[in-house]
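Asks: Shown below is the structure under consideration.
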Amino acid sequence: MTMNSVTLVSLFLAPAMAVMLLSACSEEHSEFDTKTVPQMEVKVEEVETYTPNLVAGEKLAQNLCSQCHGDKIIPFVQSYPNIKGQKASYILKQLRDFKSDERQDLYMQSVVKSLSDRDLQDAAAFYSTLKPLDLYNRSKEYYHQ
């Protein structure tokens, strides 16, 4: 067989095989009942869109968060995370987890209990706009004074 005859056979044989395969998938050969569609009830919640207020977030950060998460305390208390420059979605998830008691830390839980979800969004958005600390150089400065 030449290359042209192989190509011609392929052009006619491939569609014929496809038709045969598809006919095997007809409704009468199906093991599923496609005529009855199960009824499902889907609950859709309306989501309120909110643009975080960075000024309010900065005020919260200064009054509540900076006591532990401020850059001056990092060398002294390593267990407090540095959240400057962290993604807002990550910070917000952690704050919501503290508020719902999914994440345990008595101090953080007591702080966020009194805050609204908008407050949490404001603080998370504010911290996400900050430049992350250069911890490597900060530790060199701190330990080589």
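Asks: Taking into account only those residues within the stretch 77-87 that are more than 17 Å from L64 (Cβ to Cβ) and of a type outside the set (S, T, N, Q), which is farthest from the chain's Cα centre (by Cα)? Walk me through it before giving the result.
Replies: Going through the stretch 77-87, the residues more than 17 Å from L64 (Cβ to Cβ) turn out to be 78-79, 85, 87.
Checking which are of a type outside the set (S, T, N, Q) leaves us with 85, 87.
On the way: G85: 16, K87: 10 Å.
So the residue we want is G85.
Asks: Within the stretch 87-99, does at least one residue satisfy the condition of being in a loop (DSSP other than H, G, I, E, B), more than 22 Å from T51 (Cβ to Cβ), assigned by TED's automatic domain parsing to the domain that holds C68 and at pLDDT 95 or above? Lay out the reasoning, then the answer.
Replies: Initial filter on the stretch 87-99 (in a loop (DSSP other than H, G, I, E, B)): 87.
The next check asks that each one be more than 22 Å from T51 (Cβ to Cβ); those that pass are none.
No, there is no match, as no residue in the stretch 87-99 is in a loop (DSSP other than H, G, I, E, B), more than 22 Å from T51 (Cβ to Cβ), assigned by TED's automatic domain parsing to the domain that holds C68 and at pLDDT 95 or above.
Asks: Let me ask you something else. So, in the stretch 107-132, of the ones that are surrounded by 14 or more Cβ atoms within 10 Å (Cβ to Cβ) and part of a loop (DSSP other than H, G, I, E, B), which residue ends up modelled with the highest pLDDT?
Replies: That would be L115.
Asks: Then there is this: Only one of E41, E46 is at pLDDT 80 or above, farther than 30 Å from L130 by Cβ and under 31 Å from the mean Cα position of the chain (by Cα). Can you tell me which?
Replies: Values: E46 fails: at pLDDT 80 or above.
Just a single option satisfies the conditions, and that option is E41.
The values are calculated or read from the model by the stated rules, or taken from the named source; none is laboratory data. Since the structure is predicted, the reported quantities are computational estimates derived from the model, not experimental observations. Neighbour counts are summed over all protein chains in view; Cβ atoms, including those assigned to glycine, are modelled from backbone coordinates with ideal geometry.
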